[in-house]
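Visitor: To start, I am sharing the structure in question, which I have written as structure tokens.
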């Protein structure tokens, strides 16, 4: 139980996937312009990461390892993730067409969100148990969500400020992300696995 | 008024305050702190602060291509605050790089005064900490030599009380209050900081909620969770208040009008959040001090806090759920 809480804490704050490990930067830049889409994207990523980590863990330990075909890890994991994203996309198109429109191209692009594959691979590499992998997935994706929402708040405010023309949009977002990353480095060493 | 009917659109009542007058007030409030720093650390303190202010003002003047070096005074405040977060024995180029980074990356890239997301001085400090960390927040700090203006203070060094080293054990309460201990220029003397902050309170530039929430949280967490060099829990709470950059941060940096929330409850949340993160980093993190990171993190959350704490208008009721 203690280890689960540690995992949760570490991968939300200390080792944040976006701000400390720099995974998933493209959706972080792409959909952080408005808070609504950031919330929706965050929720979609939490769902995809959690479920795909669960499924890939099961596949790795019950299919790949017994058959001795671990070298297919990358291919199978990507396949699982792509399937998950399809599921989310179909669901969102029916359930919330506005959000579907807002997310646009970034929704199918969750497939290529490196954070998703990274969580699945790291869960196996760090030899987490099934429960730990799922908590790891939840923590990493909540960390992603948090970074996305913080950034969307900042960007909504930046809309009103006179950022020099060459830096508007992506450039100032990256600069802001780097300062945010500096601030989050202060959490380093707070807990270790 | 010479009897004419003046027709104008709102606002009809204007304040005589300007950005410049506020910044001069902040400089006045920082006066006692700077004075104590020079008394304690001698000429090196004076050099560091002068270089910090000068570099900040020069950078801003060059960036904006204007001849008026002082301008609205905000660059001078940023440079001075940055210098106050540095130890006395840093080489001259550290405040220069820090001030330039603070002004350009922290402020001008966001569109200049009033539009920055993060406190510029702290952005400069964070960049310095991660670039030349051993010179800024190492275990070795110069010991102050009060009233010896020309003394070479880097000769005798010790650990700061926060590092919790055995040699720093004998710091008394009066030392904590007056500031006769190892530490950064502007953060050792509690009395000078509080004295300066009274001027800002009197002028109405800062609200009690941010420093209040910040300091109360630090005190409560220090009392409950311990850490530091005292055994008595009440002294430990006080110890956490008086050491490191908490007072400087809570009174002068977290209260920055641009980068802190505008709503009353938002200010309280901001202060409590700063205190919480500071104490988490102090007690459990890898760094001995967390004020810089705490305030920067809360700066990033400010737009969200503002958004969710908009006060209810008089007479407004919660929107009913539509059938």
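Visitor: Identify the residue in segment B:90-132 that is surrounded by fewer than 21 Cβ atoms within 10 Å (Cβ to Cβ), at negative phi and outside any helix (DSSP H, G or I) and, among all such residues, is nearest to the other protein chains (Cβ to nearest Cβ).
Guide: B:115
Residues checked against (1) within 13 Å of the chain's Cα centre (by Cα); (2) crowded, with 17+ Cβ neighbours inside 10 Å:
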position	(1), (2)
B:182	no, yes
B:194	yes, no
B:250	yes, yes
B:254	yes, yes
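Visitor: Can you find a residue in segment B:65-76 that is buried (at least 18 other Cβ atoms within 10 Å of the Cβ) and over 25 Å from residue B:258 (Cα atoms)?
Guide: Scanning segment B:65-76, I find no residue that is buried (at least 18 other Cβ atoms within 10 Å of the Cβ) and over 25 Å from residue B:258 (Cα atoms), so the answer is no.
Visitor: Return the total of residues in segment B:284-318 being surrounded by fewer than 17 Cβ atoms within 10 Å (Cβ to Cβ) and facing chain A (nearest Cβ under 9 Å).
Guide: 3
Visitor: While we're here: Answer yes if at least one residue in segment A:101-112 is closer than 26 Å to residue A:14 by Cα, buried (at least 17 other Cβ atoms within 10 Å of the Cβ) and modelled with pLDDT under 90, and no otherwise.
Guide: Yes: one or more hits.
Visitor: Before we move on, is residue B:16 modelled with pLDDT of 90 or more and out of contact with any strand residue (DSSP E or B) (no Cβ under 8 Å at 6 or more places or on another chain)?
Guide: Considered against the rule, which asks whether it is modelled with pLDDT of 90 or more and out of contact with any strand residue (DSSP E or B) (no Cβ under 8 Å at 6 or more places or on another chain), residue B:16 comes out as no.
Visitor: Is there a residue being within 14 Å of another protein chain (Cβ to nearest Cβ), surrounded by fewer than 21 Cβ atoms within 10 Å (Cβ to Cβ) and outside any helix (DSSP H, G or I) anywhere in segment A:146-160?
Guide: yes
Visitor: Another question, if that's okay. Quick test of your reading of the structure: residue A:131 fulfils all but one of (1) crowded, with 17+ Cβ neighbours inside 10 Å; (2) in a helix (DSSP H, G or I). Name the failing condition by number.
Guide: Only one criterion is unmet by residue A:131, namely (1).
Visitor: Would you mind stating whether residue B:194 is closer than 19 Å to residue B:294 by Cβ and modelled with pLDDT of 85 or more?
Guide: no
Visitor: Filter the helices (runs of 4 or more DSSP H) completely within segment A:21-113 down to those with at least 3 residues that are under 17 Å from the mean Cα position of the chain (by Cα) and touching a residue at least 12 places away in the same chain (Cβ under 8 Å).
Guide: A:25-30, A:35-59, A:73-95
Visitor: Against the definition (within 13 Å of chain B (Cβ to nearest Cβ), over 14 Å from the mean Cα position of the chain (by Cα), without any contact (Cβ under 8 Å) to a residue 60 or more places away in the chain and surrounded by fewer than 20 Cβ atoms within 10 Å (Cβ to Cβ)), how does residue A:175 come out, yes or no?
Guide: Yes; evaluated as a whole, the condition is true for this residue.
Visitor: Here is a further query. Would you call residue A:163 outside any helix (DSSP H, G or I), in contact with a helix residue (DSSP H, G or I) (Cβ under 8 Å, 6 or more places away or on another chain) and within 14 Å of chain B (Cβ to nearest Cβ)?
Guide: Yes: the conditions hold for residue A:163.
The values are calculated or read from the model by the stated rules, or taken from the named source; none is laboratory data. All figures in this text were calculated on a predicted structure; none of them were measured in a lab. Counting neighbours? That spans all protein chains shown, and the Cβs are built from the backbone with ideal geometry, glycine included.
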